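Where a number appears in this text, it was derived from the coordinates with a stated rule and is not lab data. Computed from a prediction, not measured in an experiment: that's the story for all the values here. Heads up, the Cβs are rebuilt from the backbone with ideal geometry, glycines too, and the neighbour counts pull from every protein chain shown.
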Amino acid sequence: MCELGKRAAVTTQYPEERKVYSEGYRGSHRLTLGPDGADLPCARVARPDELLRDPQLLARGMIERHAHAGLGEIVFHGSPLRFSEAQPRKLPLAPELGEHNREIYAEIGLGEAELARLADAGVV
């Protein structure tokens, strides 16, 4: 990153690179000059609803959608890491409170009858 005072010298030294950089964006993603005509590349920041429909984010699998029993569809970002030999890992939703109780209690030796007794007593 160059200091603001040196930016004019840099952009006049490399005019073709600056032209390619600034003209490489189209539509709402186009770079513009900064405030007061300063030679600073600027672009608008997309709204969350725009990000959910962004073609690049969708193509890269960056938008994950998960069904949730109580909340409906949950939307969040996927992993930005991409490797040629591996599929990106989908992030699971967090379990509901008590969702895995049976499995966990079975691992420590509690049977169905004991678990039912604890549930009736309000312990679990």
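Numbers at a glance
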quantity	calculated
Inter-label distance, nm, simple model (7 Å from Cα along the C-beta direction), Arg53/Ala86	3.5 nm
Amide proton proximity set for Ile63, modelled H, under 5 Å, gap of 5+	Gly78
Virtual spin-label span in nm between Leu97 and Glu64, 7 Å along Cα→Cβ	2.4 nm
